[in-house]
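Some notes on the structure that comes next.
The values are calculated or read from the model by the stated rules, or taken from the named source; none is laboratory data. Computed from a prediction, not measured in an experiment: that's the story for all the values here. Backbone-built Cβ (ideal geometry, glycine too); neighbour counts: all protein chains shown. When the accessible area is computed, the model is the full protein with side chains, heavy atoms only, and any ligands, DNA or RNA have been set aside. Shrake-Rupley method; radii C 1.70, N 1.55, O 1.52, S 1.80 Å.
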Amino acid sequence: MNKKVDKKSGKKNSQLILRLDKEVRDEFVQLCNELDTSAAREIRGFIRKFLKENSAS
């Protein structure tokens, strides 16, 4: 069977692993918590914005 992938389903099926200084990571996560958001949400938003601004289509 060929399953149709629903982009709006909210289900994530891939990971991106980053290496950064612990202090930078901790400060970022803390600031996200203070702003009532998550680090993952902000990074996904950055990626979507970056793709939109730099896409050839």
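The table for this structure:
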quantity: Qualifying residues in segment 4-22 (those that are outside any loop (DSSP other than H, G, I, E, B) and at pLDDT below 80) - the one surrounded by the most Cβ atoms within 10 Å (Cβ to Cβ); calculated: SER9
quantity: Segment 23-44 - residue that is open to solvent by 80 Å² or more (accessible area, probe 1.4 Å) and not in a helix (DSSP H, G or I) and, of those, nearest to GLY10 (Cα to Cα); calculated: ASP36
